[in-house]
Amino acid sequence: MTTLTPFDVPLDLSGLRKQIDTALDHYLTVRAYTTQIENLPPLPLEVLRDFVFAGGKRIRPLMCVLGWHAARGQGDGAPVIRAAASLELFHAFALIHDDIMDRSDTRRGRPTVHRDLAQRHRHRADPERFGQGAALLLGDLALAFAQEMLDGAGLSPAQLAAALPTVDAMRIAVIYGQYMDLDTAEQLTGDVARALAVIRYKTAKYTVEHPLHLGAALAGGGPAVRAALSAYALPLGEAFQLRDDLLGVFGDPAVTGKPALDDLREGKRTVLLALALRHADAEQALTLCRLVGDCALDEEQAQEVRAVLTATGARARVENLISDQQCAALRALDGAPFPAAALQALREVAHALTERVS
């Protein structure tokens, strides 16, 4: 008869997400009380709370907790949950700023933060300018709150010292990834390698690798654990973003919470678009260059672009890339030095992130 150890007990991913939300709710509630005592404007925190709880899959906090389990973390897990939850506030910072730069109107089925703030201050002479400026500050506030929540998570001095290099690396990677994304926005090209590099820094490291490494650091995981986590994380993070790029063009807005025109109007330089340009004939390339990036693009024109993305084989090639990267991530778990429960959870997450419809 086999006796289950704590490392063999299956992890309840839904339960972990609820614990993360509880930690976020507690932090923001205490923060609201402090804001009131200090007689600070309540609106920024109210808008941030609404944004954080409007949706989101809690991927980054969940990855952090799974990294702790993968590295055989023991003892009180509550500080780890709170530290992991701080990543959701960092994610809010990144999304709010990203939406400003992309001039996006909606996120999670609601107005983006800068649009929301502009609407709340529509009596001003220039509500759009106010909304963008205020949202920029609100994003900065989310970043400050993320650090405060991590500092107050109840980690030991050794855990906090181990965590900070990974947190710093994550912040630097996502900002450089965002810069690289902006830097590629001038010209449509078939440079797939460049588009993949943006994915690696803007998404793969920040969404999967660094959160896993953070959790492992909190558990005292060594280099072998970190290497095994990276082998899983990087292909999975790339597959996650590739799926996101497909959903941004071909997804159902009622399910994704985001219009299927935004990425095309923005002219987002994705692997999908690079592959289409690489394999397009002259007429197809002309269609892409004429329509992608047009801020007035309508649904009929978007259908023209989608037809080219399909006809050139770009859509199918991205689906194949997603499948290949998912398989690479799952293969990386074979022989990884993780306990059974962590392996099972990581496999479940790999399927969820790459086969999603929202």
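Applying the selection to the range 241-257, what residues are within 16 Å of K268 (Cα to Cα), touching a helix residue (DSSP H, G or I) at 6+ places or on another chain (Cβ under 7 Å) and in contact (Cβ under 8 Å) with a residue 40 or more places away in the chain?
Q241, L242, R243, D245, L246, L247, V249, F250 - these are the residues of the range 241-257 that are within 16 Å of K268 (Cα to Cα), touching a helix residue (DSSP H, G or I) at 6+ places or on another chain (Cβ under 7 Å) and in contact (Cβ under 8 Å) with a residue 40 or more places away in the chain.
What are the residues in the range 307-322 that are in contact with a helix residue (DSSP H, G or I) (Cβ under 8 Å, 6 or more places away or on another chain) and more than 12 Å from L272 (Cβ to Cβ), if any?
Of everything in the range 307-322, just one residue is in contact with a helix residue (DSSP H, G or I) (Cβ under 8 Å, 6 or more places away or on another chain) and more than 12 Å from L272 (Cβ to Cβ), namely A311.
Among the residues of the range 247-272, write down those that are within 17 Å of V308 (Cα to Cα), at pLDDT below 90 and in contact with a Ser or Thr (Cβ under 6 Å, 6 or more places away or on another chain).
R269
Does F250 fit the bill of being hydrophobic (A, V, I, L, M, F, W, C) and farther than 28 Å from P61 by Cβ?
So F250 fits the description; yes.
Per-residue answers, yes or no, for (1) surrounded by 14 or more Cβ atoms within 10 Å (Cβ to Cβ); (2) touching a Phe, Trp or Tyr at 6+ places or on another chain (Cβ under 6 Å):
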| site | (1), (2) |
| --- | --- |
| G152 | yes, no |
| S156 | no, no |
| Q159 | yes, no |
| A163 | yes, no |
| M170 | yes, yes |
| V174 | yes, yes |
| Q178 | yes, no |
| Q187 | no, no |
| V192 | yes, no |
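Picking from A228, A217, A224, which residue would you name as being farther than 15 Å from A84 by Cβ, surrounded by 21 or more Cβ atoms within 10 Å (Cβ to Cβ) and in contact (Cβ under 8 Å) with a residue 40 or more places away in the chain?
Only one candidate qualifies: A228.
Check L62, L40, L24 and return the single one that is over 21 Å from M170 (Cβ atoms), aliphatic (A, V, I, L, M) and either in contact with a helix residue (DSSP H, G or I) (Cβ under 9 Å, 6 or more places away or on another chain) or not in a loop (DSSP other than H, G, I, E, B) (or both).
On inspection, the qualifying residue turns out to be L40.
Which of the helices (runs of 4 or more DSSP H) found entirely inside the range 213-324 contain at least 1 residues meeting this: within 24 Å of the chain's Cα centre (by Cα)?
223-250, 253-256, 262-266, 271-279
Return the residue satisfying two criteria in turn: it lies in the range 333-358 and is in a helix (DSSP H, G or I) and among the polar types (S, T, N, Q), and of such residues it is surrounded by the most Cβ atoms within 10 Å (Cβ to Cβ).
T354
The values are calculated or read from the model by the stated rules, or taken from the named source; none is laboratory data. These numbers come from a predicted model, not from an experiment. No Cβ is skipped: glycine too gets one built from the backbone with ideal geometry, and neighbour counts run over all protein chains shown.
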